[in-house]
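Everything below concerns the one structure shown next.
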Amino acid sequence: MIGWIIGIGLFIFFIIFLYMLFLAFQTNIHTHSLYIDEWKKEDHFHIFFISDIHRRRISDELIQKLSGKVDIVIIGGDLTERGVPLKRTNDNIRQLAKLGNTCYVFGNNDREVGEQNLRDILYSHDVCILENNSIKYEKNNFSVRVVGINDGFVGPVKIYEAFKDVIESDIIVFTTHAPAYFNNAKKVCKPHLLLAGHLHGGQIRFGPFGIYENGSYREKENSAELISNGFGTTAVPLRLGAKSECHIVTISGRN
């Protein structure tokens, strides 16, 4: 009898383990809309945001789904981590760069593979590294300025320096690996869109309980905040209650 109970328990554990493994390697693309009062209805700008790739690979299928639908790509840190082959990181960047203009902020694990190694890969694919600075993207008669800060766990964060080139007419997208810096940014400026990852949604949750809150997209008046569960995993390649995800945010006019 005890043997049967142990056997059933092990079988249930094995099924749950496979399910958690399956969730960790899903590709879920979430779409969000942000409406801006300053733009006309026909104005559209599409951002693909992905963070916390870690050990995962960017597939051809994902790139094919996104091809022609993205104006810029923003990588929100933890592109890689200790033990990930540089070739895999290079392949992932090469895939994402196929979608168009790409920018990146450092995450707390990225420098573990060697900072210069990572910079060389990013530069070879014309990826803009945002570390306390910004870059402007123009489309038709409007502009979007992406502001990014250094990883606060390793590098110095200089909020005021990051926003120094922002002008009043810009639509501002603030990008940081850790969402803890959202409030700092809002004290300096009023970003229309704030993007972050890092928390993985807790990665393994039991109902409402987890180490961190589940990822979210929260709209406010003329602005929004996105905290992603991330694309990959860290420590263990398992998820529960916090599905892997990447995002397309469409900024468009309200008037």
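The values are calculated or read from the model by the stated rules, or taken from the named source; none is laboratory data. Quick caveat, the model's predicted, so the values are computed rather than measured. Positions of Cβ are backbone-derived with ideal geometry, glycine not excepted, and every protein chain shown enters the neighbour counts. Keep in mind that these areas ignore ligands, DNA and RNA; they rest on the heavy atoms of the full protein, side chains included. Shrake-Rupley method; radii C 1.70, N 1.55, O 1.52, S 1.80 Å.
Could you check what % of the DSSP bridge pairs in the chain are antiparallel, to the nearest 5?
40
Please tell me the relative contact order of the chain in percent, rounded to the nearest whole number, where contacts are Cα pairs under 8 Å and at least six residues apart.
Relative contact order, the chain: 29 percent.
List the pairs from K136/K186; K65/K243; K40/K190; K98/K220; K187/K220 whose alpha-carbon separation is above 24 Å, in the order I gave them.
K98/K220
List the cysteines of the chain that have no other Cys Cβ closer than 4.7 Å: which are they?
Cys with no partner Cβ under 4.7 Å: C189, C246.
Would you mind checking which residues have amide H under 5 Å from N133's amide H? H placed 1.01 Å from N; only 5 or more apart, or other chain.
The answer is G148.
Just to confirm the number: angle between the C-alpha axis of helix 86-97 and the first principal axis of the chain, 0 to 90 degrees, nearest 10?
With rounding to tens, the tilt is 50 degrees.
Hey, what number do you get for the chain at 222 nm if only DSSP H runs of n ≥ 4 count, each worth -39500 (n - 2.57), divided across all residues, to the nearest 500?
Only helices count here, giving -7500 deg cm²/dmol.
May I ask you to list the chymotrypsin sites (Phe, Trp or Tyr not before Pro) in segment 1-100 that are in a DSSP loop and have at most 16 other Cβ atoms within 10 Å of their Cβ?
F25
Between 0 and 90 degrees, rounded to the nearest ten: what's the tilt of helix 2-24 against the longest Cα principal axis of the chain?
20
At 1.4 Å probe size, with no ligands or nucleic acids counted, give the accessible surface of S169 in Å², nearest ten.
We get 80 Å² for S169.
Percentage of Cα-Cα pair distances in the chain greater than 32 Å, rounded to whole percent?
Taking all Cα-Cα pairs of the chain, the fraction more than 32 Å apart is 22 percent.
In degrees from 0 to 90, rounded to the nearest 10, what is the angle of the helix 115-124 Cα long axis to the longest principal axis of the chain?
60
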